[in-house]
1. Which one is modelled with the highest pLDDT, of the residues in the range 260-289 that are among the polar types (S, T, N, Q) and more than 17 Å from Arg53 (Cα to Cα)?
2. Restricting to the range 82-92, count the residues that are more than 16 Å from the ligand (Cβ to nearest atom) and either assigned to a loop (DSSP other than H, G, I, E, B) or touching a Phe, Trp or Tyr at 6+ places or on another chain (Cβ under 8 Å) (or both).
3. Quick check: anything in the range 356-363 surrounded by fewer than 15 Cβ atoms within 10 Å (Cβ to Cβ) and either of a type in the set (Asp, Glu) or farther than 27 Å from Pro190 by Cα (or both)?
4. Looking at Leu330, is it outside the structural domain of Pro63 (by TED's automatic domain parsing) and part of a strand (DSSP E or B)?
5. Output yes when any residue across the range 265-280 is surrounded by 23 or more Cβ atoms within 10 Å (Cβ to Cβ), within 23 Å of His130 (Cβ to Cβ) and either within 16 Å of the chain's Cα centre (by Cα) or not charged (D, E, K, R) (or both), and no when none is.
6. Can you say whether Glu95 is touching a Phe, Trp or Tyr at 6+ places or on another chain (Cβ under 9 Å) and in the same structural domain as Val209 (by TED's automatic domain parsing), as far as the supplied structure shows?
7. Search the range 317-336 for residues being out of contact with any Pro (no Cβ under 8 Å at 6 or more places or on another chain) and among the hydrophobic types (A, V, I, L, M, F, W, C), and hand back the single one that is surrounded by the fewest Cβ atoms within 10 Å (Cβ to Cβ).
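The values are calculated or read from the model by the stated rules, or taken from the named source; none is laboratory data. What you see is a predicted model; the values in this text were computed from it and never measured. When we count neighbours, we look across all protein chains shown, and the Cβ atoms used for this are built from the backbone with ideal geometry, even at glycine.
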Amino acid sequence: MTAKAPIHPLDALNPEVRRRFPTIDRDSGGRPRLYLNTGAGSLTVDTAAEAARDAQGRLNPMPGVVVSGESETAALHARVRDLAADFVNARNGREISFHQSATAALFNLAFGLRGVLHPSANLIVTDLDHMANVSPWETVWGEGHGLEVRRARITTEGKLDIAHLLSLADARTGLLAVTSASNGTGSIVPLGETVAAVRKKAPDCLVAVDAVHHAPHGSIDVQETGVDLLVFSGYKTFGPMMGVLWGRAEILEKLRPYRVETNKDVLPGKFEMGMLNNASIASLEAALEYLLWLARLVAGPAAPEAGRASRFRLAMTSILEYEQRLARRLLEGLGRLDPSRFRLFGIADPARAAERVPTFAFDVAGLPATEAKRRLWEGFGIQIADGNHYSAAVVRHLGRPEGICRASFAHYDNAEAVDRLLEALERLAG
Ligand SMILES: Cc1ncc(COP(=O)(O)O)c(C=O)c1O
């Protein structure tokens, strides 16, 4: 099929990785499947599912300092904040808060910026973003406070139009809300350079990043990229249904989020409404520990023990490289399909696989997305997504407001999965 590329460590480790995901080739009813829907929710790693069960059945609900069960809960919270901080290369766990979902975190963040955003400020959101990082800003600041919310376009190739984004920024831009990778077209936003360019025009602009789609595919470094606020989701990162918010402490301290009077106005708990979900937090710990396990496998037994943030970086860089190889293989195969019967939305050139994550939006055989999804499932046991994927502006730009097919891969997939999808698409398109 494709010219043989040199072996990547994750090629050899793939069987071991796959064994960590008990539902990888069977759905909940035991039916064989190829799961190509990580964009909607990754598979849960074995230890993350076990940790949730254990915590729910055993842990004291409230943290505290007197009774041992209480201190165990308090220690869990502190440990997982520190772990999540290392995952995004933040300074420490005080900058991490836990939420019901990334969407809930972003709404609370938008609300909390009262008194921080100037009344004459404007905000920039992007058409590449999932609505979770658009609606909170439009609702709270556009509708609620009457501020101007500007929308950066995407290019015909499904990338963020950075030139357009920069043309929208000015000295009054108070906030840029931007994704780091699109869950619609898979394209990556070069965060560091984009943020630096925006700040030249808008020095006081805060940058709030939706890293939900990027988190399972590559490393996140909040310090290197110079962003201010960032969310990711546990269930897109091999773990629980929950959102995680990171923010630069100096900024978080100024915010006034929803908060009951008795919840102290201190980091990080001031952002957390009600008791925390201990089962999810324990599960998140296991999911992130899984990535450290992966780093150990990739580094091999002889590798010197690096700090935890570096080990996360190693795991995520290996995942990125491995997935780019899968993406190249898929793009090469898709390029051979009849263009009148198959259309890929997004970067299609295999040589540019580094500009995207392995999330592929497409139309096949002129079928409505739900029908194509049904045929892939019923005829080939392949599970993909249909619909707008909450990236409403992306599908409007692509001229498919009713929805598109999306196949999304992760590091537990392999060349065989790519070839199975290609074969099925060839049959459908043919
Ligand atoms: C890119 C992106 N951002 C945000 C979200 C929302 O995350 P959550 O379900 O945790 O609110 C999703 C979920 O699909 C997503 O794909």
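1. Restricting to residues being among the polar types (S, T, N, Q) and more than 17 Å from Arg53 (Cα to Cα), the top hit is Asn263.
2. Adding up the residues that qualify gives 6.
3. No, every residue in the range 356-363 fails to be surrounded by fewer than 15 Cβ atoms within 10 Å (Cβ to Cβ) and either of a type in the set (Asp, Glu) or farther than 27 Å from Pro190 by Cα (or both).
4. no
5. yes
6. Answer is yes for this residue.
7. It comes out as Leu320.
Let's see how each residue does on (1) under 30 Å from Arg328 (Cα atoms); (2) exposed (fewer than 12 other Cβ atoms within 10 Å of the Cβ):
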position: Asp11; (1), (2): yes, no
position: Arg19; (1), (2): yes, yes
position: Gly30; (1), (2): no, yes
position: Leu34; (1), (2): yes, no
position: Ala40; (1), (2): yes, no
position: Ala48; (1), (2): no, no
position: Val66; (1), (2): no, yes
position: Glu70; (1), (2): no, no
